[in-house]
Amino acid sequence: MIDFLSNPSWVGPQIDFLLFLQNFRISFPEIIDKFFLSITIFGEFWLPTLVCAIVYWCIDFRAGVYLFSLESFNILLAHLFKMIACVYRPWVLDSQVQPSKLAVPFAKGYSFPSGHSAMSSSVLGGVAYLVRKNKLFCTFLICLILMIGFSRLWLGVHTPQDVVVGLSIGLVLVFAVNGLINWAEKDKNRYLYLLGGINIVAILALIYICYLGTYRIDYISGELLVNPLKQKYVTAVVYGYALGLVNGSFLCRRFFPFEPKEVSIKRRVTRGIVGAIGIILLLKFILEPIIMKALDLRISIFLMFLLGILVTLIYPIIFKSFGNRKIKLL
């Protein structure tokens with residue numbers, strides 16, 4: 001646990017900035033909060049998964065591997081930082097901060113770094129890097145990333161420190177992961193070497209988080225601020241999901257490569273619609289409600305790992321097989 005991140009000398013000016021924004025927010029109608037809350041959906045992991053998947057299945061396979069790698073690395077890194085730092089939300093650091101009531105139910109757990117900022121700058125930043133020659137679209141994506149970061153400040157659920165570090169994680173990953181993918185592309189077996197290293201590091205990080213890390217146990221009015229057991233559970237589950245995505249995409253790239261442009265636009269559109277509906281139904285309406293019931297940790301990790309494998313490996317094998325048989329459905 002790193003205490004210096006919560007030191008008043010760091011927090012004071014940031015709280016002043018949040019209070020400055022708060023004075024504006026409370027004078028604006030609630031619809032502004034709803035707007036910024038809707039913007040943050042681009043920083044949640046299920047929507048970035050859809051973006052990565054559509055690129056992966058329907059537009060450019062290699063670019064999709066890059067984006068899924070960004071999403072996976074971001075999940076692994078940002079959640080590790082959260083569990084090491086154990087920084088509380090702004091309204092805990094200073095009671096003067098009054099976050100938007102609309103945002104509080106979606107701002108559970110530790111605050112540093114901002115997961116929404118990290119996720120959006122990773123995935124949307126990766127898309128911006130891929131389309132960097134299209135200046136207008138690239139500028140739009142960068143503005144959207146910055147707006148997502150600002151929305152976390154406006155809603156009062158993160159400090160500037162949280163957002164800046166979150167954005168920085170994404171920015172670093174955009175270039176670092178691009179270098180790793182370029183290295184792996186020179187010899188497809190390198191995907192297997194890289195995958196082995198990722199799995200080992202992720203498992204070691206998970207062992208630290210679940211068994212070696214020390215966490216605060218603080219109460220306010222008899223209520224536990226953050227339940228470390230729940231946070232360890234959530235972290236382990238999302239680690240399972242991230243490992244499913246990266247294992248599936250790397251194995252597919254190595255053993256079951258495909259080229260989306262080899263099939264008709266109609267078939268690619270159908271493939272994308274069917275897959276997207278499947279992700280939404282599985283993640284938002286089936287797996288998420290089940291996992292939120294706090295099942296046995298091993299079952300939850302397996303389910304989320306399986307979802308990542310389904311998206312990046314099993315579904316491509318299915319539609320590739322159908323394509324080879326010239327079945328009109330796909």
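Values quoted throughout were computed directly from the atomic coordinates according to the rules given, and no laboratory measurement underlies them. The model shown is predicted, which means the values in this text are computed figures rather than measured ones. Virtual Cβ from ideal backbone geometry, glycine too; neighbours counted across all protein chains shown.
Computed from label points 7 Å out along Cα-Cβ, the spacing between Phe28 and Val131 is 2.5 nm. Between Phe140 and Ser264, the distance separating the two model label sites (each 7 Å from Cα on the Cα→Cβ line) works out to 2.8 nm.
Entry for segment 144-262 at q = 0.10, 0.14 Å⁻¹: log10 I(q)/I(0) = -0.50, -0.89, Debye formula applied to identical alpha-carbon scatterers, no solvent contribution. In this label model, Ala276 and Leu251 are separated by 2.7 nm, measuring between points 7 Å along each Cα→Cβ vector.
For segment 203-212, backbone phi angles converted through the Karplus equation (6.51, -1.76, 1.60; θ = phi - 60°) give residue-by-residue couplings of 5, 4, 5, 5, 4, 4, 4, 7, 10, 10 Hz, Gly and Pro being listed as x. Here segment 202-289 is assigned +1 on the Cβ of each Lys and Arg and -1 on the Cβ of each Asp and Glu. Its dipole about the Cα centre then comes out at about 500 debye.
Among Trp91, Trp183, sorting on how many other beta-carbon atoms sit within 10 Å of each Cβ, with the fewest leading, yields Trp183, Trp91.
The C-alpha atoms of the chain define a longest principal axis, and helix 297-309 lies at about 50 degrees to it.
Charge dipole of the chain (Cα centre as origin; +1 on each Lys and Arg Cβ, -1 on each Asp and Glu Cβ, all else neutral): 1520 debye, rounded to the nearest 20. Debye sum, Cα scatterers, segment 1-100, no solvent: what log₁₀ I/I(0) at q = 0.13, 0.19, 0.21 1/Å? Debye curve over Cα of segment 1-100, log10 I(q)/I(0) at q = 0.13, 0.19, 0.21 Å⁻¹: -0.72, -1.02, -1.07. Excluding same-chain neighbours fewer than eight residues apart, the aspartates and glutamates reachable from Lys34 by a Cα-Cα span under 18 Å are Glu44.
Taken one residue at a time, the phi angles of segment 89-97 give Karplus couplings (6.51, -1.76, 1.60, θ = phi - 60°) of 5, x, 6, 7, 5, 8, 5, 5, 6 Hz. Gly and Pro are set to x. Pick out, from Leu77, Cys143, Val104, the residue whose Cα sits farthest towards the positive end of the charge dipole of segment 42-171, with +1 on the Cβ of Lys and Arg and -1 on the Cβ of Asp and Glu. Of the candidates, Cys143 comes out farthest on the positive side. Taking packing as the residue-averaged number of other Cβ atoms within 10 angstrom, the listed peptides 16-24, 215-223, 164-172 run from highest to lowest as 164-172, 16-24, 215-223.
Of Tyr215, Leu245, Leu192, which is farthest towards the positive pole of segment 168-252's charge dipole, taken about the Cα centre with +1 and -1 on the beta-carbons of Lys, Arg and Asp, Glu respectively? Sorting the options by dipole projection puts first Leu192.
Between 0 and 90 degrees, the angle of helix 315-324 with respect to the longest Cα principal axis of the chain falls at about 20 degrees.
How large is the direction-averaged shadow of the alpha-carbon convex hull of segment 192-279, in nm²?
On the way: hull surface 35.5 nm².
Value for segment 192-279: 8.9 nm².
Legend: Rg and Dmax of segment 4-323, from Cα coordinates, 20.0, 62 Å.
Phi-derived couplings, Karplus 6.51 cos²θ - 1.76 cosθ + 1.60 at θ = phi - 60°, listed residue by residue for segment 224-241: 5, 5, 9, 8, x, 4, 5, 5, 5, 4, 4, 4, 4, 5, 6, 5, x, 5 Hz, with x used for Gly and Pro.
Take every pair of alpha-carbon atoms less than 8 Å apart whose residues are at least six positions apart; their mean separation over the length of the chain yields a relative contact order of 23 percent.
Residues considered: Phe319, Phe73, Phe35. Largest GNM mean-square fluctuation over the chain, using C-alpha springs under 10 Å, is found at Phe35.
Ordering Thr214, Thr139 by the number of other Cβ atoms within 10 Å of each residue's own Cβ, fewest first, gives Thr214, Thr139.
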